[in-house]
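The values are calculated or read from the model by the stated rules, or taken from the named source; none is laboratory data. Remember, predicted model here, so these are calculated numbers, not experimental data. Using ideal geometry, Cβ is built from the backbone for each residue, glycine included, and neighbour counts are taken over all protein chains shown.
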Amino acid sequence: MALIRGRDRKATAQIFTASMADIVFLLLVFFILTYKVEVDRTKMDLPDTWIRIKVPEKAAVVSISPPDDISGPPLTIRVSTGAEMSLPVSTDEEIVTFASTEVARDPEKEFIVKADEAVPYERVDAVLDALKQSKVKYIFLLSDQKTVRE
Amino acid sequence: MRIQKKEIASEIFTGSMADISFLLIIYFMITSAFSADRGMDFALPEETDTPEIKQEDSIDVHVLRGGAVEVDAKGMPLEGILPYVLDKLKQNPEKPVILRTDPDATYGDMIRVFDLLRQAQSEWTDADGRPLYMDVHGNPLVGIKTISIPTRREIENLWSMLGIQ
């Protein structure tokens, strides 16, 4: 009778990993294709709008952000050519110099104004004025999607 | 004497592939950000054919401190702006809308009104894009042709040109 008694079957616990490589490569390809370095990483609350169009990818960015805390400087303005990380500027003249240089290099250069919704319009006005003085042709105002009718 | 051939195992070592690919995934995940890439375009007038705008020929939208809006110097709720503008454009579709903002108002206040004016196109057409309104000449009205956002310096320059202090 001993022969009839089956051998102890051990249930094998194994995670099937053969498709892991496929999944990993799929993710890898996805992230490589969608890879884009964000030139300006300033965190802010953008204003919400219904009308939104895609802004050009290589556009220069001017960001205006409110202070992180009360003790900091009142507003931070940073500029980026679109290819490099953004750098802070302290005066409007610097924005004019920056924008004029970019426009001289490419007269069709687009500019994105990325401003927090709580920023006083006076500062935004000064930045827009600096861009207009520099003969910038295309300006985009960055915004978030508005989702609920007020 | 027969020399026995040694079989060389031809195999690509894939044990570390998972490590490498995960490392790359993590790198791309962290450095690539789904950045905000949409917004409103802000058309600037071509320098050559800047139309001369007279105050009485335009619709003056003034955003005040706190977000209240005055249209042609009359206080108006946000919902009232587009119907008013539509009424004016029916008489003269070429009328530009000038959006001025108080320096003490916030950027969000100004964008709210700008967004509202830009919605004219969708508000004045039906779902198929057909115009709902006609002007006095019988031409369809499909939106505001010109929305101008002058900066404070430009407004001051205009005033000094007109001799207003």
Exercise for review: Please work out which residue is farthest from A:S134 (Cα to Cα), limiting yourself to segment B:150-164 and to residues that are over 27 Å from the mean Cα position of the chain (by Cα) and assigned to a helix (DSSP H, G or I).
Suggested key: B:L162
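Take the residues of segment A:140-149 that are at the interface with another protein chain (Cβ under 7 Å from one of its Cβ atoms) and not aliphatic (A, V, I, L, M): which is nearest to A:V55 (Cα to Cα)?
If we filter segment A:140-149 for residues that are at the interface with another protein chain (Cβ under 7 Å from one of its Cβ atoms), which is where we start, we get A:140-144.
Then keep just the ones that are not aliphatic (A, V, I, L, M); that gives A:140, A:143-144.
Details: A:F140: 7, A:S143: 10, A:D144: 12 Å.
Only one residue tops the list, namely A:F140.
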Practice item. Restrict the check to segment B:39-55 and report whether at least one residue is at pLDDT 85 or above and either more than 9 Å from every other protein chain (Cβ to nearest Cβ) or farther than 28 Å from A:V127 by Cβ (or both). Key: no
Check your understanding: Which one of these is under 18 Å from A:L141 (Cα atoms), more than 7 Å from chain A (Cβ to nearest Cβ) and free of Cβ contacts under 8 Å to residues at least 60 places away in the same chain: B:V136, B:V113?
Key -> B:V113
Point to revise | helices (runs of 4 or more DSSP H) wholly inside segment B:74-130 containing at least 2 residues that are surrounded by fewer than 16 Cβ atoms within 10 Å (Cβ to Cβ) and within 17 Å of the chain's Cα centre (by Cα) | key: B:120-123
Check your understanding: How many residues, within segment A:125-150, are among the β-branched types (V, I, T) and buried (at least 20 other Cβ atoms within 10 Å of the Cβ)?
Key -> 3
Check your understanding: Looking only at segment B:61-73, which residues are among the aliphatic types (A, V, I, L, M) and surrounded by fewer than 16 Cβ atoms within 10 Å (Cβ to Cβ)?
Key -> B:L64, B:A68, B:A73
Review point. If you scan segment A:97-112, which residues turn out to be surrounded by fewer than 20 Cβ atoms within 10 Å (Cβ to Cβ) and not charged (D, E, K, R)?
Key: A:T97, A:S100, A:T101, A:V103, A:A104, A:P107
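Given segment A:39-139, what strands (runs of 3 or more DSSP E) lie entirely inside it while holding 2 or more residues that are within 14 Å of chain B (Cβ to nearest Cβ)?
In segment A:39-139, the matching strands (runs of 3 or more DSSP E) lie at A:60-65, A:76-80, A:110-115.
Residues are listed down the side, and each one gets a yes or a no for (1) away from chain A (no Cβ under 14 Å); (2) outside any helix (DSSP H, G or I); (3) modelled with pLDDT under 85; (4) buried (at least 16 other Cβ atoms within 10 Å of the Cβ):
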position	(1), (2), (3), (4)
B:R2	yes, yes, yes, no
B:I12	no, yes, yes, no
B:S21	no, no, yes, yes
B:A33	no, yes, yes, no
B:A36	no, yes, yes, yes
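Residue-by-condition table, conditions (1) closer than 30 Å to B:I25 by Cβ; (2) at pLDDT below 85:
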site: A:F31; (1), (2): yes, yes
site: A:K58; (1), (2): yes, yes
site: A:P74; (1), (2): no, yes
site: A:L87; (1), (2): no, no
site: A:A99; (1), (2): no, no
site: A:A104; (1), (2): no, no
site: A:E117; (1), (2): no, no
Exercise for review: Name, by its number, the condition in (1) farther than 24 Å from B:E156 by Cα; (2) buried (at least 16 other Cβ atoms within 10 Å of the Cβ); (3) without any contact (Cβ under 8 Å) to a residue 60 or more places away in the chain that does not hold for A:S90.
Suggested key: (2)
